[in-house]
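Okay, so here's the structure we're looking at.
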Amino acid sequence: PPHMALQDQVAVVTGAVQGIGRAMAEILLRNGAKVALLDVNEAAGKSLKEVLDKQHGPERTLFLSCDVESEEQIRAAFQRTAGALGAVDIVCNNAGVLNEAEWEKTISVNLVAVVRVTYIALEHMNKMSGGRGGVIINTASMAGLFPLLSCPVYTATKYGVVGFTRAMAANSTALGFGIRFNALCPGFVQTDILDNIYERLGQFSQLSAETQVFVDKGVLKTSEVAEGLLELLTNDTKNGEALQVMCSSQKYMKFPVFT
Ligand code: NAD
């Protein structure tokens, strides 16, 4: 049964048109929320919007072409969301990349942009400045809790996201933002990031065989990560959590992937 708590709530999801972000959008819609889908991939965004319009009705979603590296585009996306769907209650900071060769880009999208989107979201949601409060969920990773050896910079960004989430949760409690902050920490999930991982390890590509051993044991479906999102959204006691989402084979992941 749908969670009534999410009925007509307004959610912003970044990196929403495929992979984990798409599964997040779908579980939000199935539970009665309205969703703004933010992504740089316009072609995929437009076709996803068509699919979702048929399933849920055109007024339930909005596709917004938005690069989370651009403050201006994020501000415009929040304004358009508020105008078309209503005041924002939920933000899922999910857009992310894995590229150890283009490591500065990885830091920019995975960490700097999470801070940027969060601070703009606060301007809309913070009870201290007239907002209604809400929930902000950041897609970190198991690599935010244990090192993924072949990906030191990706690991650093995800540790950063977990740290930022916990500090913001504490801040929110201390200052009365009325916003809960939580992080999702999935193991390997079947998405494009995982499909292309071995081309993006840069100077650490010699570790790909070791990583593959763990991938071969089993990966999560995006819908399983979305179930974790639902738990963090609907359980009011969760603030400052880093929720681990793993399939049974991943519970035994140790060296050399995670140590
Ligand atoms: P994905 O590549 O399928 O999806 C990422 C989405 O983000 C894409 O739609 C892409 O267009 C979008 N995006 C990338 N850069 C953007 C930008 N600058 N602005 C706006 N949108 C942008 O990958 P995914 O696996 O679904 O990744 C989603 C999140 O999950 C990422 O933060 C990733 O680090 C995290 N994660 C993935 C795994 C995994 O094994 N796949 C595991 C743990 C965490």
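Read-outs: derived from the displayed coordinates by stated rules, not from any lab. Note that the coordinates shown come from a computational prediction; the quantities given were computed from them, not determined experimentally. All Cβ positions, glycine included, derive from the backbone under ideal geometry; neighbour counts span all protein chains shown.
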Revision key, fill the gap. Rounded to the nearest whole number, the Stokes-Einstein translational diffusion coefficient of segment 137-259 at 4 °C and 1.567 mPa s (Kirkwood radius, C-alpha pairs) in µm²/s is 86 µm²/s
Review point. So for the pair A174, A76, with labels modelled 7 Å out along Cα→Cβ, what separation do we get in nm?
Key: 3.7 nm
Practice item. Determine, at each q value in 0.19, 0.20, 0.28, 0.32 (inverse angstroms), the log₁₀ of I(q)/I(0) that the Debye formula gives when each Cα of segment 6-55 is one equal point scatterer. Key: -0.53, -0.59, -1.11, -1.32
Check your understanding: Taking only Cα atoms, what is the 0 to 90° angle, nearest 10, from helix 113-125's long axis to the longest principal axis of the chain?
Key -> 20 degrees
Exercise for review: Using only alpha carbon positions, build the gyration tensor of the chain, then give the equivalent ellipsoid semi-axes as the square roots of 5 times its eigenvalues, largest first, whole angstrom.
Suggested key: 29, 20, 18
Check your understanding: In degrees, nearest 10, range 0 to 90: what is the angle between the Cα axis of helix 19-30 and the longest Cα principal axis of the chain?
Key -> 30 degrees
Check your understanding: Across 10 Å bins from the origin, how do the percents of Cα pairs in segment 1-100 run, short distances first?
Key -> 17, 54, 25, 4, 0
Revision key, fill the gap. Counted neighbours (other Cβ, 10 Å), sorted fewest up, put L149, L48 in the order L149, L48
Practice item. Provide the net charge surrounding S223, with neighbours chosen by a C-beta distance below 12 Å and charges set as Lys +1, Arg +1, Asp -1, Glu -1. Key: 0
**Study point:** Order of K54, K221 - criterion: other Cβ atoms within 10 Å of each residue's Cβ, fewest first
**Key:** K54, K221
**Study point:** Angle in degrees between helix 71-84 and the longest Cα principal axis of the chain, rounded to the nearest 10
**Key:** 50 degrees
Check your understanding: Each label point is 7 Å from the Cα along the Cα-to-Cβ direction; what then is the distance between the points at A101 and R30, in nm?
Key -> 3.7 nm
**Study point:** Extended-chain gain in nm, criterion 0.36 nm per residue less alpha-carbon gap, E231 and M128
**Key:** 34.5 nm
**Study point:** Of K105/K238; K54/K105; K54/K238; K34/K238; K49/K238; K127/K238, pairs whose Cα-Cα distance is over 28 Å
**Key:** K105/K238; K54/K105; K54/K238; K49/K238
Point to revise | Fraction of antiparallel bridges per DSSP, the chain only, in percent to nearest 5 | key: 5 percent
